[in-house]
2 protein chains.
Amino acid sequence: MIEDKNQSRTDLSNLGEFALIEHLTKQFKINHKSTIKGIGDDAAVLDFKDKKVVVTTDLLVEGVHFDLSYMPLKHLGYKAVMVNLSDVYAMNAEATQITVSIAVSNRFPLEALEEIYAGIETAANLYNIDVVGGDTTSSTKGLLISVTALGEVSNTDVVYRSGAKPNDLLVVSGDLGAAYMGLQVLEREKEVYKVNPNSQPDLEPYTYIIERQLKPEARKDIVKLLKDLEVKPTSMIDISDGLSSEIIHLCTNSKVGCDLYENKIPLDPQVISTCEEFNIDSTTVALNGGEDYELLFTISQEDFPKIKANPNLSVIGYITEVSAGMHLVTRAETKIELKAQGWKNFNA
Amino acid sequence: MIEDKNQSRTDLSNLGEFALIEHLTKQFKINHKSTIKGIGDDAAVLDFKDKKVVVTTDLLVEGVHFDLSYMPLKHLGYKAVMVNLSDVYAMNAEATQITVSIAVSNRFPLEALEEIYAGIETAANLYNIDVVGGDTTSSTKGLLISVTALGEVSNTDVVYRSGAKPNDLLVVSGDLGAAYMGLQVLEREKEVYKVNPNSQPDLEPYTYIIERQLKPEARKDIVKLLKDLEVKPTSMIDISDGLSSEIIHLCTNSKVGCDLYENKIPLDPQVISTCEEFNIDSTTVALNGGEDYELLFTISQEDFPKIKANPNLSVIGYITEVSAGMHLVTRAETKIELKAQGWKNFNA
């Protein structure tokens, strides 16, 4: 835990709110022409000219969405940004600005907030995002980060969840289930640590899946790739809650059905081996695991030649009439109805 | 407290996230042409055409910003919106959309969330705001509301904190200190209640100041009034942390000084009488109390005739050269340097 480390420690109570925000945000640079005024007034002022504006927001709560015993604060700041950018990219938009609000208890020193902001800054620099506002306040308990992301998109580029048509192909970027299996490994090591704090875990076989959990990347590159390939998806959504739940959202919003092929779901070898080790079915993990932050989208069949050679993209099924329902076609070629089991935070 | 009431109670764990958000937001109407797509996709899509966009965000945390033993949940939802709209109006902009994120522990039933959303809806209807997105999640402890507000403003109308010039008049809307004194009364009644839960407090003499604390109003009407009067402020800020702190912000951002006249600070008679009862100096309350959500702005002297007859506006001082410093001119005509003592959340 951060507060157990023997490091320099500045109490937040030594700083006023304004000094604190100034201290944490002074290094942020403004890169976008659309940012007229960033931090420092009652509100940021932005100018998107003839572009449309997309807005999305997400909360990350300690003890619900992250566990500081294995989530470094810098990664937490980075991930809080990614979760939101992912939603912007799912609109086929360019992410341009974020606001960041943090509630933090007095048990955290200034240095902890600096770590979170370092992660936010890294994300902002890598993804070319202006940090234009926010709020930092105390909480009675725990840490909470709320990020709102803005982006811009032209009228012709914007992609909704509702545009999928029968015979469209269902496509997913990257691979699935890794973030969930990374979490399982981290949870296991936490239990081992409780029993024996001197144990030195060998996490080498799990590098990829742990990174997917602790440092996810939003797929800005896929939005660019599709533009370069001149493919406009007919519908798109990001995968935050598990493939199954997201497919159901796409199909419900588009009033269509689908066939998803189990043997087409992209899995990293580390996911497969770790699933074997934990004795979990890898398809279940991909369908319900969540936190992959890949993009799920549909394209017209005529666009298939443009994407088929790309190693970043997998065609995993196709869209059907709504009356056909939503199904998983298993390796044994049986059809099972798709069910969403993703989000369980309120059942904790 | 809400959970002690004998009322219908639906556990949040009985609903999934999507069903919950759908349930809470289904009654929201979209009124603005700039809202192309509200709740229901990865992000909202907005179109501001040739207008500039203003964005601001604020967090309200249980135990820090509000106390549910005297803050009704409906008022809390209302206030969370007002706090943000106030920042939009302080840019001389029209507020158009909000996103709302709520973290809530399982001790709150669905009916509690419904109350909060009822307050949000009331605010949205009264102030003509579209609710376009949000996030509802569980917390390990307590309740937290994060609102982001968007607004639109033309290039010629936008007002920053930085435009005040020497000889400009310093003007404030409404009256000051009431929200702080309302809080003092509520805190006192809470202590009385702890000793004697059967006591029936007579809050009649404090109606106005309690309402200012529990149900503040953002000054949309002042933005319209100034437009109607054809007065464009040279600088503007909203009063959330106390007059003193906000004047210092305006002057620092504008690189000017000021003379503030103690005998010009507008006080409601209930503030004066309650200050006497509590034996607190009413000027100190107005300077440092906070949560008034009035607008503080500067105007050119030539605009004075346009505003002088208006009962909503008080000229409380004037802007000086930066070298003259920032001062309060007391009733005894002595000059005291202005100091910010507003925000103390991290010192709690």
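Comparing mean-square fluctuations of B:Leu169, B:Leu296, B:Leu225 from a GNM of chain B with C-alpha springs under 10 Å, the top value falls on B:Leu225. Averaging the sequence gap over all C-alpha pairs within less than 8 Å and six or more residues apart, then dividing by the number of residues, gives segment B:175-258 a relative contact order of 30 percent. Listed by chain and number, the aspartates and glutamates whose alpha-carbon sits under 20 Å from that of B:Lys165, ignoring those within fewer than 8 places in the same chain, are A:Asp41, A:Asp42, B:Asp157, B:Glu230, B:Asp238, B:Glu246, B:Asp259, B:Glu302, B:Asp303, B:Glu321, B:Glu337. Near A:Val100, once Lys and Arg are set to +1 and Asp and Glu to -1 for all other residues with Cβ below 13 Å from its Cβ, the sum equals -4. Computed from point charges on the beta carbon alone (+1 for Lys and Arg, -1 for Asp and Glu), the dipole magnitude for segment B:242-294 about its Cα centre is near 300 Debye. Axis angle, to the nearest 10 degrees, between helix B:269-278 and the longest C-alpha principal axis of chain B: 80 degrees. Dipole magnitude for the protein assembly as shown: about 840 debye, using +1 per Lys or Arg Cβ and -1 per Asp or Glu Cβ, origin at the Cα centre. Other residues within the sphere of radius under 10 Å centred on the Cβ of A:Thr140, judged by their own Cβ, net out at +1 (K and R +1, D and E -1). For chain A, the longest principal axis of the alpha carbon atoms and the long axis of helix A:243-254 meet at an angle near 70°.
The mean count of C-beta atoms from other chains within 10 Å of the C-beta of residues in B:243-249, rounded to a whole number, is 1. Couplings 3J(HN,Hα) for segment B:71-86, derived from phi with the Karplus relation 6.51 cos²θ - 1.76 cosθ + 1.60 (θ = phi - 60°), are 9, x, 4, 5, 5, 4, x, 4, 5, 4, 6, 4, 3, 7, 4, 4 Hz, where x marks Gly and Pro. Restricting attention to segment A:42-180, close to 70% of DSSP beta bridges with both partner residues there are antiparallel.
Considering chain A as a Gaussian network with a 10 Å cut-off on Cα pairs, which listed residue, A:Asp58, A:Asp202, A:Asp268, attains the greatest mean-square fluctuation? Its mean-square fluctuation being the largest, the pick is A:Asp202.
Starting from the label point of A:Asp67 at 7 Å along Cα→Cβ, the same points in the other copies fall at 3.6 nm, in ascending order.
Comparing A:Asp47, A:Asp130, A:Asp292 in a Gaussian network model of chain A (Cα springs below 10 Å), the most mobile by mean-square fluctuation is A:Asp47.
In terms of distances greater than 29 angstrom between alpha carbons, the cross-link table entries A:Lys74/B:Lys51; A:Lys52/B:Lys141; B:Lys26/B:Lys190; A:Lys52/A:Lys255; B:Lys33/B:Lys220; A:Lys29/B:Lys224 yield A:Lys74/B:Lys51; A:Lys52/B:Lys141; B:Lys26/B:Lys190; A:Lys29/B:Lys224. Per residue of A:87-94, other chain Cβ atoms within 10 Å of the residue Cβ number 3 on average. Take every Cα pair under 8 Å whose residues are at least 6 apart in sequence, average their separation, divide by the length of segment B:268-348, and the relative contact order is 22 percent.
Within the same chain, lysines fewer than 8 places from A:Lys264 are excluded, and of the rest, those with a Cα less than 20 Å from its Cα are A:Lys306, A:Lys308, A:Lys335, A:Lys339. Annotation: amide H of A:Met326 within the under-5 Å range of A:Cys258, A:Leu338, sequence separation 5 or more or interchain, hydrogens built in the peptide plane.
How much net charge surrounds B:His249 when only the other residues with a Cβ under 11 Å from the Cβ of B:His249 are counted, with Lys and Arg +1 and Asp and Glu -1? Residues near B:His249 contribute -4 overall.
Of A:Ala164, B:Tyr208, A:Ser146, which is farthest on the positive side of the dipole of the protein assembly as shown, counting Cα position, with +1 on Lys and Arg Cβ, -1 on Asp and Glu Cβ, and the Cα centre as origin? The listed residue farthest towards the positive side: A:Ala164. Between copies, the label points at A:Asn279 (set 7 angstrom from Cα along Cα-to-Cβ) are spaced 7.2 nm, reported in nanometres from shortest to longest.
Restricting to the protein assembly as shown, compute how many DSSP beta bridges are antiparallel as a %, nearest 5. Mind dumping the intermediate values first?
Details: 92 of 120 bridges.
Around 75 percent of the beta bridges assigned by DSSP in the protein assembly as shown are antiparallel ones.
Across segment B:84-115, the residues whose backbone nitrogen lies under 14 Å from the label position 7 Å along the beta-carbon direction of B:Asn14 are B:108-114.
What's the average, rounded to a whole number, of partner chain beta-carbon atoms within 10 Å of each residue's beta-carbon in A:45-52?
On the way: counts 11, 6, 6, 8, 4, 4, 2, 8.
What the average comes to for A:45-52 is 6.
With label points defined 7 Å past Cα in the direction of Cβ, position B:Glu114 shows copy-to-copy spacings of 4.9 nm, given to one decimal and shortest first. When only Cα pairs below 8 angstrom with a gap of at least 6 residues are kept, chain A shows a relative contact order of 21 percent. Taking every DSSP helix (H) stretch of at least 4 residues in chain A, weighting each as -39,500 (n - 2.57) and dividing the sum by the residue count yields a mean residue ellipticity at 222 nm of -10000 deg cm²/dmol. I'd like the distance between the alpha-carbon centres of segment B:237-279 and segment A:46-96, rounded to an integer number of Å. That distance is 38 Å.
We did not get these values from a lab; they are worked out from the coordinates using the rules stated. Keep in mind the model is a prediction, meaning the values are calculated, not measured. We place every Cβ from the backbone using ideal geometry, glycine too, and count neighbours over all the protein chains shown.
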